[in-house]
1. May I ask you to evaluate 6.51 cos²θ - 1.76 cosθ + 1.60, the Karplus curve with θ = phi - 60°, for each residue of the stretch 16-31 and list the ³J(HN,Hα) values in order in whole Hz, giving x for glycine and proline?
2. About its Cα centre, what dipole magnitude does the stretch 243-365 give when the only charges are +1 on Lys and Arg Cβ and -1 on Asp and Glu Cβ, stated in debye to the nearest 20?
3. Does anything in the stretch 231-259 have its amide N under 13 Å from the 7 Å Cα→Cβ label point of residue 292, and if so which residues?
4. Could you tell me the calculated FRET efficiency between residue 313 and residue 12, based on Cβ-Cβ distance and R0 = 25 angstrom, to the nearest 0.05?
5. Using 1/(1 + (r/R0)^6) with R0 = 30 angstrom and r between the beta carbons of residue 185 and residue 265, what's the FRET efficiency to the nearest 0.05?
6. Quick one: what does P(r) look like for the stretch 243-365 with 10 Å bins over all Cα pairs, in whole %?
7. Pairs 24/144; 301/355; 60/354; 143/266; 235/355; 301/354: which are spaced more than 25 Å apart, C-alpha to C-alpha?
8. What angle, in degrees between 0 and 90 and rounded to the nearest 10, separates the Cα long axis of helix 170-180 from the longest principal axis of the Cα atoms of the chain?
Amino acid sequence: MATPRTAPLNPTSIRRRLFRWYGKTGRDLPWRAGQGEKSDPYRVWLSEIMLQQTTVATVKTYFEDFVARWPTVADLAGADLDSVLHAWQGLGYYARARNLHKCARLVAGDQGGRFPQTEEELKKLPGIGDYTAAAIAAIAFGKKATPVDANIERVTARLFAVSEPLPGGRRRISELARSLTPASKPRGRPGDFAQAMMDLGAMVCTPRTPNCQACPLVTDCRAAGLRQAERYPVKAPKKARPVRHGMVFWAVRPDGRVLLRQRPEKGLLGGMMEIPSTDWREKAWTPGEAVAEAPFAADWKPLDGVVRHTFTHFHLELMVLAGRVGAGAGGGDGRGEWCLPSRFSEHALPTLMKKVARHAAGALAE
Ligand code: SF4
């Protein structure tokens, strides 16, 4: 039977072994400074915003594309919002892209091109919450700060065998991660510490099959001592995601153009182009009810099938109503634009709407 480890963990020896491992094995990521190089706050900030809700593998390509097009925060501030949203397509959660652009303009303008260095000041900028502020302060500026992402959360929960389930246990895990964080530069290396913990979580202390044999912290780790690594972090049972329903209006003009419309700036997919739709609600729409919400009167016909998409908090099912409209049909409420489906790629159309376009493609075409 495994023997639980109860002696207090020694942060100094944990850091020493972690840094040795990180120096040999850490990931080579395009936003990271190399050995002896200074971190570029612009690259750190950009990568951290992209990494919110998105995997490292996906972010790499987008990051390289962004820094090639906009190498500095001033370049990004000078770009128009639509081209930023367009370059962001596929990363999802578009409010991040709008905040990214707003933040670049503030930093390039009011802040003279320099990012603030403390967590408190960073949090005043759009799109920067507690985690991102801590990550930038530690990685870009060497401040003592403890960003706790999913990797750091998992490693810490296992090291200390935190039994309180998530999400309630997050506060305790953050305190414990803070207790391991080294002092600000030049005395300590809090940025490297955060990145080393992230790498350990991504490469060794993985969610399903942690490789404790290869872990530099195995002699300290309480979960490994209990032979129960996979049990941590303990999670509260998940609630089922609700299903919401909407109806989309595929309006086709005689010249084959289809109506697109900009969504309101605030809310889900804010500022993105959409094929006009009703609200997304829990009760399914009947075609009769939906027609009352259409951008204009037409002989709307339901298409067979459903378009399904999953957001973080709900599943969405959309049905499509297709209708022919005259050459003089307006643009809905002034936020609309008529566009050939073959040219949809020129617009910042979210993945969901691309699915709708594929589903409706050819409906009512001459
Ligand atoms: Fe994770 Fe195992 Fe290392 Fe503990 S010993 S931190 S469970 S990989």
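Values quoted throughout were computed directly from the atomic coordinates according to the rules given, and no laboratory measurement underlies them. These numbers were taken from a predicted model, which means no experiment stands behind them. So basically every Cβ, Gly included, is an ideal-geometry build from the backbone, and we count neighbours across all protein chains shown.
1. 4, 5, 5, 5, 4, 5, 5, x, 8, 10, x, 6, 9, 10, x, 8
2. The dipole magnitude comes to about 240 debye.
3. No residues fall inside that zone.
4. 0.05
5. For residue 185 and residue 265, the calculated efficiency is 0.15.
6. 13, 50, 34, 3
7. 143/266; 235/355
8. 40 degrees
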